[in-house]
Every structure is written in C-alpha cells, then in structure tokens.
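**Q** Provided herewith is a single structure, encoded as structure tokens, for subsequent inquiry.
The values are calculated or read from the model by the stated rules, or taken from the named source; none is laboratory data. Computed from a prediction, not measured in an experiment: that's the story for all the values here. Heads up, the Cβs are rebuilt from the backbone with ideal geometry, glycines too, and the neighbour counts pull from every protein chain shown. All accessible areas refer to the heavy atoms of the entire protein, side chains included, with ligands and DNA or RNA removed. Shrake-Rupley method; radii C 1.70, N 1.55, O 1.52, S 1.80 Å.
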Amino acid sequence: MNVTLIQAEKILKAAKEKAKQIGVPMNIAILDEGANLKAFCRMDGALLGCADIAIKKAKTARFFDIDSGEIGKLSQPGGALYNIEHSNGGLISFAGGVVLRKNSNKIIGAIGVSGGTVEQDYEVAIAGASIL
C-alpha cells in the first residue's frame, strides 16, 4: 500500500494549517512508501535551506521505519547508530520526520517538516500524519 495523492494532499493541508496556527512558515515533504517525493510545499517565508532538510527528515523516517527524532537518540556518541546520518547520501537525525501509517500499522510513506524549532517541526509533522 502506498500513500495516494489525495491522502498526501490532505496530510499537507493539515500540516500547513498547524504551521499557520503556530505562526511558523514551514517546508513540508510527503514521501511515498518507496521514499519518493509525492507532495511538497515551501510556505511563503519558509527558510530555503530547510527544503532539503524536510525531505531528508522524511527519508530518514521511511528508510528505517522510525521517526527521525528516535534515530537521533540512537545516533549519539556511543549509541548503537552513531554516525548513521552519514549513510544513504545524508540523513537528518533530529525530530520532524514521521512515518505515515494507515490503520495504525501499515507504513505507506513519511512526512518531513523543517523551518521552525525541532519541537515545532515535530508538532507540524504529527498534525499532518494524524489525519490518516
């Protein structure tokens, strides 16, 4: 199963609404099950450099089927995944990448958000992912 374009647009809409609510313009990337870009939005005023970060957060989540913030916890010095961020052409190992699950178990893609604090990015990603 894969995230559909209709689902991706709904996820994107929910994430944009949350970003507007907290007053932070964001870059939001939706990837399909194969980690291919399905939908993307760079809100007016969002930092340009965060576009790549949003995509890489989503890829990180999808490649390992775990939220990017959890990868970050495991990739600290001495951790089981130390230096993993240097694999796969570069990963982002802090919060804002969330696995998309249909019916709470089947992975159908991932969302990545960047533009605010790590906490804000995660909040917006969860708002998008929660519509499934």
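**Q** Got a sec? Which of Ala39, Ala46 is in contact (Cβ under 8 Å) with a residue 12 or more places away in the chain, in contact with an Asp or Glu (Cβ under 8 Å, 6 or more places away or on another chain) and among the aliphatic types (A, V, I, L, M)?
**A** After applying the criteria, what remains is Ala39.
**Q** Still on this model: List, please: which pairs have Cβ atoms under 7 Å, are six or more places apart or on different chains, and start with a residue in the range 96-125 that is under 22 Å from Gly34 (Cα atoms) and end with one that is of a type in the set (Phe, Trp, Tyr)?
**A** Gly96/Tyr122
**Q** To continue, here is another question. Hey, among the residues in the range 70-89 that are in contact with a helix residue (DSSP H, G or I) (Cβ under 7 Å, 6 or more places away or on another chain) and open to solvent by less than 20 Å² (accessible area, probe 1.4 Å), which one's modelled with the lowest pLDDT?
**A** By that ranking, first place goes to Ser75.
**Q** Take the residues in the range 59-110 that are among the charged types (D, E, K, R) and assigned to a loop (DSSP other than H, G, I, E, B), then tell me which one is nearest to Gly128 (Cα to Cα).
**A** Among those residues, the one meeting the criterion is Asp67.
**Q** To continue, here is another question. Is it true that some residue in the range 39-50 is crowded, with 19+ Cβ neighbours inside 10 Å, of a type outside the set (Lys, Arg) and under 14 Å from Ala95 (Cα atoms)?
**A** Yes, the range 39-50 has at least one match.
**Q** Being crowded, with 19+ Cβ neighbours inside 10 Å and either over 16 Å from Tyr122 (Cβ atoms) or in contact with a His (Cβ under 7 Å, 6 or more places away or on another chain) (or both) is the requirement here; does Leu5 meet it?
**A** It is false that Leu5 is crowded, with 19+ Cβ neighbours inside 10 Å and either over 16 Å from Tyr122 (Cβ atoms) or in contact with a His (Cβ under 7 Å, 6 or more places away or on another chain) (or both).
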